[in-house]
């Protein structure tokens, strides 16, 4: 038996995506920059392979979060239910 998930307000869904993008960009970006030595005085500067890795991690975050984890970090904080496949 599956539980029905109530649809969330559009503003919550949009806000969750925006906050997830900022969180993943800066979180994963700084982690990769520290690992590769690409930090600068204003943050980080990723080019080439590390930049592609950042893009791949952001895509994986959304895919795994939505498909397998029941929602991303901000989906959970804003109490947005995500239906899960069987």
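Here is how the numbers come out for the structure above:
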quantity	calculated
For the chain, average projected area of the Cα convex hull in nm²	6.7
On Cα atoms only, tilt of 49-67 relative to the major axis of the chain in degrees	10
Contact order relative to length of region 10-77, as percent, for alpha carbon pairs under 8 angstrom and 6 or more apart	36
Principal-axis tilt of helix 10-36 within the chain, Cα atoms, nearest 10 degrees	30
Förster radius 30 Å - calculated FRET efficiency between residue 34 and residue 67 (Cβ-Cβ, nearest 0.05)	0.60
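Taken together, the values in this text are just the output of simple stated rules run on the coordinates, not laboratory data. Bear in mind that the values here come from a model prediction, so they are computed numbers and not experimental data. Note that each Cβ is placed from the backbone with ideal geometry, even for glycine, and that neighbours are counted across all protein chains shown.
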